[in-house]
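So the structure is just underneath, and the comments pick up after that.
The values are calculated or read from the model by the stated rules, or taken from the named source; none is laboratory data. Predicted model, so just to flag it, every value in this text is computed and none were measured. Counting neighbours? That spans all protein chains shown, and the Cβs are built from the backbone with ideal geometry, glycine included. Ligands, DNA and RNA are excluded from the accessible area calculation, which covers all protein heavy atoms including side chains. Shrake-Rupley method; radii C 1.70, N 1.55, O 1.52, S 1.80 Å.
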Amino acid sequence: MACQGLQKGETLESLKRESETLKKKLEEERNKLNDVELHQVAEKVEVLSALSIKTRRVLKGHGNKVLCMDWCKDKRRMVSSSQDGKVIVWDAFTLNKEHGVPLPCTWVLACAYAPLRSLCLIMNGYLGLDNKCSVIPLSLDKNENLAAKKKSVAMHTNYVSGCSFTNSDMQLLTSSGDGTCALWDVESGQLLQSFHGHTADVLSLDLAPSETGNTFVSGGCDMKANVWDMRSGQNIQSFESHESDINCVKYYPSGDAFASASDDATCRFYDLRADREVAVYQKDSIIFGASTCDFSLSGRLLFAGYNDYTINVWDVLKGTRATILFGHENRVSRVRVSPDGTALGSASWDSTLRVSWSFSTGSNYIFRFIKLLFWVNSRLVLEFTVAF
Amino acid sequence: MLWIHSDSFHRLSLLLLFSFIHLCFQLESILLEMQDPKIGVKGTEQKLNISTIPHVIAGNDIIAWISNKMKTSTEEAQAFGTMLVAYGYIYPLQNHKKLVMCNDSSLYRFQTPYFWPTQKWVPDDSDYGIFTLLLHAVCLCFIQAHYNHLHEWLNHKWDFIVMQATEQYKAGKERKKPDRVVFDCQERAYWMVNRPPVSLSNSNMFYQQAIMRSKVKSSVSLGALVKYITTYKNHDPFLASCLPSNPWQTDHDAYWTLNMRRVEVPTKMRVERWSFSLFELLSDLRGRDDFKIFLKKEFSGENLAFWEAAEELKWGTASSMSTKAETIFKTFLAPGAPRWINIDGRTMGLTVKGLEHPHRYVLEAAQTHVFMLMKKDTFFRYLKSPTYKDIQKKALNPEQHNFSPANLEQNALNRSPGIHPIILWQQEEEEKAKVAAASAPVDVKAMMSKIDRKK
C-alpha cells in the first residue's frame, strides 16, 4: 500500500538514488548555459539616480492587523482586509472609505480586486476551520449590505492563503495550506483544475502577465517555487534555493522572470528562460523575514516588506539596496505597486495602510528655485575668487 | 513559518485538537446513520465492466438526505457533502481526482472505516510523530478524567470495530472480483485524500523532463530582461517624472484624466508604449481601438476579432462555453463563414475536431497561430502605417505642472473623486454592445430573400 507506483525492480532506495543523480544532472544542465551573471550584464546599465520615495498618505480605519491589500484597475481605489473581520474599499486618493464589509468573528486573510467589478475575500473562521473563499459583486450603492451578497466559491481542506482573479471576474485561482492550488469557476463554484506538487502549505501565487497568460507561479513552506501550466495542471518548472518558507512570489513585468520573498531574510530573482536563480537580495543588517514583494512598472525596482517594519527597495539589476522606507509601526504584511506604477501601497500589522511615491524633484517649484540660488551663489563666489 | 500560529501555537493547537476530535466523533455518528439500510441514503448496484459494485449512492441523493436530516439549505448540504468527500469519508467513483460532492447523478461510495481520517492517529510519518504523541497524551488525560464517557465511547467504537472486522474478513475470505474492485477503489480514494499523487517516481519523471526542456543561454535571457528595463525606464513613475505630474504628489489627477480608456487623443508616452510590443498594444484598449482602425483599412480585422472571441471563451464562465464555441465556429471557422480566418489546415482540423467537445482551451492552437501572425507581420506594418504615424503626430504632450506651495494646498483640498469604476464598466458594456450590433456580419442570404419577398 505504501509502495504504490513502484515498478518491477524498483525499491525506495533505488528511486531515491535516482532522484539525487537527476537533481545533480539538472544543475549541470543549468550551469552549462550559465555564461554570464546578472551583475556582469548590469555593469553596462547606468546607476540609478538617488531615489527619493516618501510615504505621504496614511489610511486609518482598521481596528486590528491589516493582512492584505489590493489595488483596483482604476489606479486609485484599493481594498484591504484585516484580522478584525473588516474589509474596506478605499479611494486612496481622497482617503474616502467607500464600502465597509463587516464579517464578525472571521480573520480575513486575503482580498483581491477583480478586473471588472467584484471583490474576492478569503475568510477563515476563528480557529481556521472555515477555509472559504467568497466573491462579492460590488455596486454603486454604498449602503448596500455587501456581506449578504457574498457567494462562496472555493473550498479547500485547509486554510486558504492567497487568491487571485484571472483576466476576468469569472475565474479565481487560490492557494491553500493543504498544499494545493486550484482554479475555480466563480459562477458555479465548480473546481476547474487543481495543482498538486507542493509538499507543504502553499503561501502565495501570482499569474503571469504574458500574452499567453496560461501560467502562474506559487511559493510555499516547502521552500519551493513552482511554475504551473493552467491548462494541464502540470508543474513545468521548479526552483528550490530558499532556506525557509517562501511568503510571496511575484512575476517580473515581462513575464520571463519572477521574484520571491522568504523567511530566510532574502528575496531572490529567478530567470525562467534560463531556468535558474540569478540574484539574491540580502544584507547582513537584514535579519528578519521578508513577507511580501512587488516590482515597479519597468522592473528595475523590487519593493519588499519585512518583519522588521521596513520596506527595502532593491535595484533588481545591480543587486544593491536603492533605498529603505520607514513609517510602519509593525510588520509589513503586503506591498503592491498601483496598476499604472505611480504609487506603492503597503499594509501592516500596525492597522494602517500607507501610500508612497517617488518625490520627483523636477516638478517641485521651491526646490528648483533653491537650486537656482545655489548656482547663482556659486557663480558669484567663483568670480570673486577669480577677481582676487 | 506560518506566522498565523506563531503567537499562541500550543493553546490553539489543543483547541483545534479537541474540536477536531469532537467533530470526528460527530461525523462518524452521522456517517453511521447515512449507511443505515432503513433510514440512510438509498444505495444501488453499479455495473463496472463485468463486475458489479455494491452500495453505490448518487450525489443528489446524499445531498437531499443531509439537507433533510440537518434541516439546512441545499447549498449548505452540498458544502457539507464536499467536506465528507475531501476528508475521505465518502469517495467518488467517477472522476476520482476531484474531491467534491456534485448535486447530480454522480456516483459515490462510503469509505471503509479502516481508511477514515481518525484512523490516522497511528504515527506512520516521522514529521507528525510528535504531534500524534501529544494527541495520545491528551487523549489519555481526557479519558482518565472522563471515565464514564469513556465507557460509552468504547461501546460506540465497538460497533465500528465489528463493522470493520466483518468487512475485512469478508474481503479476505472471498476476494471476489467485485470486492477486489471495491477494495482498490477504497484504497485509491484513501491515498487521493491523504497523500497527494506525487510519488518519488513522479518527481523523478519531473526532473527528467526538466533536464530535457530547452533552456536559453543566460546572456540571452538576462539581456532580454535588461532590455525590458531600458525600454520602460522613462515610463516608470518611480524613475522618471509623469507628465503633467504624479497625481499622488501634486493632488491633481490630470495624469489619470488624460490617460482614460476612451480619450479622443492619447498622450505621446501612451502612443510610444504601444510600439513596444503587440501585447502592450492589445492590453491598452485605446491602443486596440487604433489597431482596429488600421485593420479595417486593410480589410483584415477577422484575426483580431477571432483572438478577442477566443479570449472571451477562455476567461468566461463555464456555463457559457458551449454557446460561445458554437458562435465562434459559425463566425470564423466553418467553411464559408462570414469572417473566416486563414490558418493552416492542420490547426484548422484540430480545432474543428476539438469543438465537438468544447472546453476552455479548445481554441488555444488557433489563437496562438493567429497571435503569432499578427505579432510577426501585421504589428510591424501597423507601426509603419499612416494610421499610427497620424496618431503619433496628434498625440498630446502635456506641460509639466508647476504648482506653488499655495497651489498644492488648494489641490489637496479639492481632490477630485473621479468617475467610479463601476460607472466606467457600465459605459464599456454599452459601447461593446453598440459595436457588436454595428459590426454583426451581414447575412447576405437573409438580405437577398428579404429583397425578393419585397418584390
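Points to keep in mind about this one:
- Taking region A:179-199 as the range and being farther than 14 Å from residue A:153 by Cβ, facing chain B (nearest Cβ under 7 Å) and not hydroxyl-bearing (Ser, Thr, Tyr) as the test, the residues that pass are A:179, A:196, A:197.
- Cβ separations smaller than 6 Å between residues 6+ apart or across chains give no pair from region B:411-440 residues that are more than 14 Å from chain A (Cβ to nearest Cβ) and under 15 Å from residue A:117 (Cα atoms) to residues that are in a helix (DSSP H, G or I) and open to solvent by 80 Å² or more (accessible area, probe 1.4 Å).
- The residue that is modelled with the lowest pLDDT, among those in region A:101-117 that are under 22 Å from residue A:142 (Cβ atoms), part of a strand (DSSP E or B) and open to solvent by less than 10 Å² (accessible area, probe 1.4 Å), is A:108.
- Per-region count, region B:353-371, residues part of a helix (DSSP H, G or I) and open to solvent by less than 70 Å² (accessible area, probe 1.4 Å): 9
- Members of region A:34-56 found to be basic (Lys, Arg) and under 25 Å from the mean Cα position of the chain (by Cα), listed by number: A:54, A:56
- Inspection of region B:380-390 identifies no residue that is within 27 Å of residue A:74 (Cα to Cα), open to solvent by 40 Å² or more (accessible area, probe 1.4 Å) and in a helix (DSSP H, G or I).
- Positions within region B:205-253 being in contact (Cβ under 8 Å) with a residue 12 or more places away in the chain, surrounded by fewer than 20 Cβ atoms within 10 Å (Cβ to Cβ) and facing chain A (nearest Cβ under 7 Å), in sequence order: B:235, B:241
- Selected residue (only one of A:260, A:232, A:241 is open to solvent by 20 Å² or more (accessible area, probe 1.4 Å), under 28 Å from residue A:183 (Cβ atoms), in contact with a Lys or Arg (Cβ under 9 Å, 6 or more places away or on another chain) and small (Gly, Ala, Ser)): A:241
- Going through (1) small (Gly, Ala, Ser); (2) touching a strand residue (DSSP E or B) at 6+ places or on another chain (Cβ under 9 Å); (3) in the same structural domain as residue B:322 (by the TED database) one by one, residue B:365 falls short only on (2).
- Residue in region B:109-126 that is at pLDDT 80 or above and outside any loop (DSSP other than H, G, I, E, B) present: yes
- Filter result for residue B:237 (assigned to a loop (DSSP other than H, G, I, E, B) and touching a Gly at 6+ places or on another chain (Cβ under 6 Å)): yes
- Among residues of region B:173-223, those that are in a loop (DSSP other than H, G, I, E, B) and at pLDDT below 70, counted: 7
- Positions within region B:314-345 being assigned to a helix (DSSP H, G or I), within 14 Å of another protein chain (Cβ to nearest Cβ) and open to solvent by less than 60 Å² (accessible area, probe 1.4 Å), in sequence order: B:314, B:315, B:318, B:320, B:321, B:324
- Qualifying positions in region B:294-313 - more than 23 Å from residue B:363 (Cβ to Cβ) and crowded, with 16+ Cβ neighbours inside 10 Å: B:294
- Residues of region A:280-293 that turn out to be open to solvent by 10 Å² or more (accessible area, probe 1.4 Å) and under 19 Å from residue A:337 (Cβ atoms), as a count: 1
Here is a yes/no grid of residues against (1) within 12 Å of chain B (Cβ to nearest Cβ); (2) buried (at least 22 other Cβ atoms within 10 Å of the Cβ); (3) over 20 Å from residue A:208 (Cα atoms); (4) modelled with pLDDT under 85:
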{"position": "A:142", "(1), (2), (3), (4)": "yes, no, yes, yes"}
{"position": "A:166", "(1), (2), (3), (4)": "yes, no, no, no"}
{"position": "A:171", "(1), (2), (3), (4)": "yes, yes, no, no"}
{"position": "A:177", "(1), (2), (3), (4)": "yes, yes, yes, no"}
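- Among the conditions (1) within 11 Å of chain B (Cβ to nearest Cβ); (2) on the phi > 0 side of the Ramachandran plot, residue A:223 misses just one, which is (1).
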